[in-house]
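Notes for the one structure printed next.
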Amino acid sequence: MPYENVYYCCTQRTGSQTLRAVFQEHTFWKWSGLRAKPYFELGLREARADKRLRRAFPRYFPRHTLACHLYVDYPTYRSIPKPSRYKTFFVMRDPRDAVVSFYYAALVSHTPVYPIPRMRAHLQPLDKRAGLRYVIDSLDEFGYFEAQRSWVSAEADADENVRVFRYEDRAADESRFLRELFAYLEVPMPDKELQHLASRFSFERITGRSKGTEDISHHLRKATPGDWRAEFDDEILAYFGDVTQDLVQVLGYDTNYSTVIR
């Protein structure tokens, strides 16, 4: 393995739980030499790589560790002490789809960990329009949109050790996504084993449903990029735009309300 550490960064509702499970498989360790180590203490606006945290990182992330998943913005990530040889990737998702996903997760499917109980109590008496507005406000308060915007700087910096991947690409083709990710990380996994790994953690295998078949009670609800078009009306779309300004354009997503993304 050419890298001492790998840092997997993202925001919530980007398939982070299932991707972490991929990294925790023996097959990944066999071909990468990296042990996946979950880390739960960093979270968007609350994330701070202060002196205490910097001292803690060698203990949390010894060499030959894949740190997953770090809910951090780009400046916080940059402040993390790193070895001389490392790779980092961030998984981006259309923020409009993230709002819809967070709405159903907070309302129904997510385990009751912070801040879900508080959000669920607020959402349950609301109709969908009011609920989506509440989620937009909550994600803005959490620093979710700010964190997404900050990672555009990583692409602008042209840092060869950092790459932004897209949730939408993974939803379209799990095998191709893992192949591109492993190529970037220089993990020489044979294609047969990669295909098996992708199949084991596919939406269909985990849920028993085809993509697009909805179950709001399941953590993996639908896996359909562009689903916001079926959930947003003109009022919610305008409200989202007021809160996030030019975020959709900055992140490189389609702004056409009438066409399917990608």
Task: Calculated FRET value between Gln249 and Asn161, using beta carbons and R₀ = 30 Å, to 0.05 - done: 0.70
Task: Protection-proxy order for peptides 70-77, 6-13, each taking the mean of Cβ atoms within 10 Å per residue, highest first - done: 6-13, 70-77
Open item on the list: Counting pairwise Cα distances across segment 77-159, what percent come out greater than 14 angstrom?
Closed with: 68 percent
Task: Rounded if a/c under 1.5, otherwise prolate or oblate - segment 165-206, Cα gyration tensor axes - done: oblate
Task: Residues in segment 94-123 that a label on Asp137 would reach, taking backbone N under 13 Å of a point 7 Å out along Cα→Cβ - done: 119, 122-123
Task: Cβ-based exposure ranking for Trp29, Trp151, in which fewest neighbours within 10 Å come first - done: Trp29, Trp151
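Read the figures in this text as sums done on the coordinates, not as results from a lab. These figures come from a predicted structure and were not determined experimentally. All Cβ positions, even for glycine, are placed from backbone atoms using ideal geometry, and neighbour counts span all protein chains on display.
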